[in-house]
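Following: one structure in structure tokens, then a few remarks.
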Amino acid sequence: VALSFQNLDTTHFELPGLTVAALDAVTNTAKFDLQVTLSELGAGGGMAGALTYATDLFDEQTMVAFGARLVRVLEAVVADPAVVVGDIGILAGDEARRSVVAGPESSAPVLLSDVIARRGEWNPDAVAVRFDGRSYSYAELDESSNRLARLLIGRGVGPETRVALAFGRSYAMVLSEVAVAKAGGAFVPVDPTYPPERVEYMLSDSAAVLGITGSSFVGDLPADGFGWLVLDAPDTDQVLAEFSASPVTDADRLAPVRVSHTAYMIYTSGSTGRPKGVSVTHSGLGGLLDSALDRYGLTADSRFMSICSPSFDPSVLDWVATLSVSATLVVVPSRILGGAELADFMAAERVTHTIITPAVLASMGAPELADLEVVSVGGDVSTPELVARWAPGRRYFNGYGPTETTIISSYAELRADEPTTIGSPVAGAGALVLDARLHPVPDGVAGELYLSGDALARGYHERAALTAERFVADPYNGGRMYRTGDVVRWTRAGELEFVGRSDFQVKIRGFRVELGEIDAALTADATVHSAATLGHSDATRGMSLVSYVVAAPGAHVDVAALTAAVAEVLPSYMVPAQIMVLDAFPLTPIGKLDRKALPAPVFEAAVFRAPATPIQQAVAGVFADVLGIERVGLDDDFFALGGNSLLAMQVMSRLGVALDATVPVRVLFDASTVERLAVAVESHTGTGRVALEPRPRPERVPLSLAQSRMWFLNRFDPESVVDNVPMAIRLSGELDTAALQLAVADVVERHESLRTM
């Protein structure tokens, strides 16, 4: 086979032993901006071909690859006319090797309990955790976790036993996680704000031997047949004091801990209507930790912010990475959700590193955080706008990884004006992009992402069939690979570009949601015959859950009652923002649900009472602007209208400006109707922005960061016009040039920044 280029827009090749008549299909399927022409050679037999393409759409390198792949297809057909077309290999060389090879070799195995030991001893006097204005030293964390670990061992906690931890973001959660790891057990984060039925299921399904919680949560947690250790109870300190604070070793544990043992179990949404527990072992922690530390550049002076929910597995990497280098973990109190409150918190705590979801990052606008060095986003798609806003001046990473593959499977360092990707695999993880027949796909072609290597979880707890469905045999590297359901493509640079989902999952506020679980909760109601839930995205609300239901025969669906019933069994982020009742579902010609034919959701109020007072009118106006609704009444509930926690931050920010007030976002969650919120914010009016008043002028006016940057760039290249903005303005009519000159002079006189030299 000979392949040569005649010019920039035509590829020629020759293939002996094949006639044009046998390849009419190839010539007839050329479409759009590609054209394949074939012709028979002379007496020597064979054929010649040309691939012509539009140079403004394709480049030479891509077309050479296309031509080479076509030749391989034709070659395979000549060699074996009976070959199955779908099994013809079209890749060769580096492209073929990259598509099926595992990622970088994993680092030495590491146990959660040995993270500190393998990195060096803790600095006992350094601050390990900052939470709610208090600092906890490494000595305090070490001794307390050793005592608690011994208590847990005494109560039967060891390898392959699980302990439920019911806390929000807090020092108590970190202490409990470290203690369970030292005891050799596996911790199971349980959000205490989840509906009791869901919590009870998680406790039963995980077979946790006991739970640890705080006094503010224990009253709302299931207690029948299950024991809770209340960490802040009056007698707990006395009980813990009876145990030794010396290091815990295998001699103290019920059995030695191995890397194959479960380190933690995270519950994710399940398509069958029940959440599923993912059993994650210690095996993938070493590779991930090395990859994260190498990228983040953490040192003992770093201050790593933990903003992720304990039920979201990146929270594990927060404390593991931080404690491994004796840095400080800065835990964000649960009352702070994002927005200006989070930005102020980060500035006050001098945060240098964080793992955060794109949605929460976007809620902060673009504050100047001089201490922030590294931003690592995950849990959802990172937009170019976010990168452009946050990447300059710091390192910005995009971390991708399902819970089933130990937190983060691949990293990409993103920069403004560059393509957004999910990068390449971390140590111990492998990535394969395969088609429906499990064959590798070429660069630039979308396929399903499969992950392999040491980072794979053991599977789903007590769900053998589901584990076998998602964790399948790896035909290229041996062992297993996990079917992610994500559609990606390889770039020419060897990085993965995210395309979308191949199944019915959506991401809501960083959480991966199986829509089938919501449907199961809806159909459990006696008034509902069938249900279908979709992720609805628009520019105002972002991603929202919209459910469509058909009433049971003879029944009437009360949407408000149905929403309340679903909220009793599902966490708040899975409760549909809108439930629409249909007479029947639209179907495709073959009888399947036609999701594209479902009506667009309507977010509107059923009853209207006009706002009366100025504050009520301000609240209603902000609701309407943020939610994109024409009319909002006193009784309208922000969340019932389609609002979510991210939009809540926008509401409170705008109200703060309108009412000259500083009001925490939490207030909106406690008073979500217009009338109640107006009452709640009234007491905050006048507490907002500091009045702009003349101040003593220092002898040397300090430069802002932007001015310092401009000065440096000008000194670096005095001839550069980077900060010059030429502008042409067309005016109609007669121009009073003297008035224009006076106006410009007035502006310059008023604003000192315009006179900066």
Toy charge model, Lys and Arg Cβ at +1, Asp and Glu Cβ at -1: the stretch 644-749 dipole around Cα centroid in debye, rounded to 20, equals 440
Largest first, how would 319, 122 line up by accessible area (1.4 Å probe)? 122, 319
Go through the stretch 368-422 and name the trypsin sites (Lys or Arg not before Pro) that are in a DSSP coil and have 10 or fewer other Cβ atoms within 10 Å of their Cβ. none
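Hand me the tally of lysine pairs in the chain: alpha carbons under 27 angstrom apart, and the pair either on different chains or 8 or more positions apart.
Count of close lysine pairs: 5.
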Virtual spin-label span in nm between residue 252 and residue 492, 7 Å along Cα→Cβ: 5.8
Mind grabbing the accessible area of residue 751 for me, 1.4 Å probe, Å², rounded to tens? 90
If each part is reduced to its alpha-carbon centroid, the stretch 220-280 and the stretch 295-310 end up apart, in Å, by 24
Keeping all protein chains in place and using 1.4 angstrom, which order do 507, 276 fall into by accessible surface area, from largest down? 507, 276
Total charge dipole magnitude, the chain, about the Cα centre, Cβ charges on Lys, Arg, Asp, Glu only, Debye to nearest 20: 580
Using r as the Cβ-Cβ distance of residue 132 and residue 220, and R0 as 22 Å, what FRET efficiency do you calculate, to the nearest 0.05? 0.60
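For 662, 563, give me the order by solvent-accessible area with a 1.4 Å probe, most accessible first, ignoring ligands, DNA and RNA. Walk me through the numbers before you get to the answer.
Working: 662 85, 563 45 Å².
These residues rank, largest area first, as 662, 563.
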How big is the accessible area of residue 350 in square angstrom, nearest 10, if you roll a 1.4 angstrom probe over the protein chains? 120
Ignoring ligands and nucleic acids, what accessible area does residue 543 show with a 1.4 Å probe (Å², nearest 10)? 70
Where does the chain land at 222 nm, in deg cm²/dmol rounded to the nearest 500, when only DSSP H runs of n ≥ 4 count, each adding -39500 (n - 2.57), divided by all residues? -9000 deg cm²/dmol
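Using the heavy atoms of the protein chains alone and a 1.4 angstrom probe, what is the accessible area of the stretch 562-662 per residue in square angstrom?
Values: 4940 Å² over 101 residues.
Using a 1.4 Å probe on heavy atoms only, each residue of the stretch 562-662 averages 49 Å².
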Residues whose modelled amide H sits under 5 Å from the amide H of residue 673, counting only those 5 or more places away in sequence or on another chain, are 638
With each label point set 7 Å from Cα along the Cα-Cβ vector, what nm distance links residue 567 and residue 679? 1.7
Answer label for Rg and Dmax of the Cα atoms in Å (calculated), chosen among [x] 30.3, 99; [y] 29.5, 110; [z] 28.0, 98: [x]
Under 5 Å between amide H atoms, partner at least 5 residues away or on a different chain: which partners does residue 628 have, H built in plane at 1.01 Å? none
Explain nothing, just the number: relative contact order of the stretch 344-420, from Cα pairs under 8 Å at least 6 residues apart, as a whole percent. 26
Sequence order, the stretch 55-60: Karplus ³J(HN,Hα) from phi using 6.51 cos²θ - 1.76 cosθ + 1.60, θ = phi - 60°, Hz rounded, Gly and Pro as x, gives 6, 7, 10, 10, 10, 4
When you count, for each residue, the other Cβ atoms within 10 Å and take the mean per peptide, how do 297-307, 731-741 rank with the highest first? 297-307, 731-741
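With the cut-off at 1.5 for a/c, could you classify the stretch 224-347 from its C-alpha gyration tensor as rounded, prolate or oblate?
Taking the square roots of the gyration eigenvalues as a ≥ b ≥ c, the stretch 224-347 is rounded.
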Using modelled amide H (1.01 Å from N, peptide plane; none on Pro or chain starts), what sits under 5 Å from the amide H of residue 212, excluding residues fewer than 5 places away? 164, 165, 166, 229
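The values are calculated or read from the model by the stated rules, or taken from the named source; none is laboratory data. Here the structure is a predicted model, which means the values were calculated and not measured. Reconstructed Cβ throughout: ideal geometry from the backbone, glycine too, with neighbour counts over all protein chains shown. The protein model used for the area step is the full one, side chains on, heavy atoms only, and it has no ligands, DNA or RNA in it. Shrake-Rupley method; radii C 1.70, N 1.55, O 1.52, S 1.80 Å.
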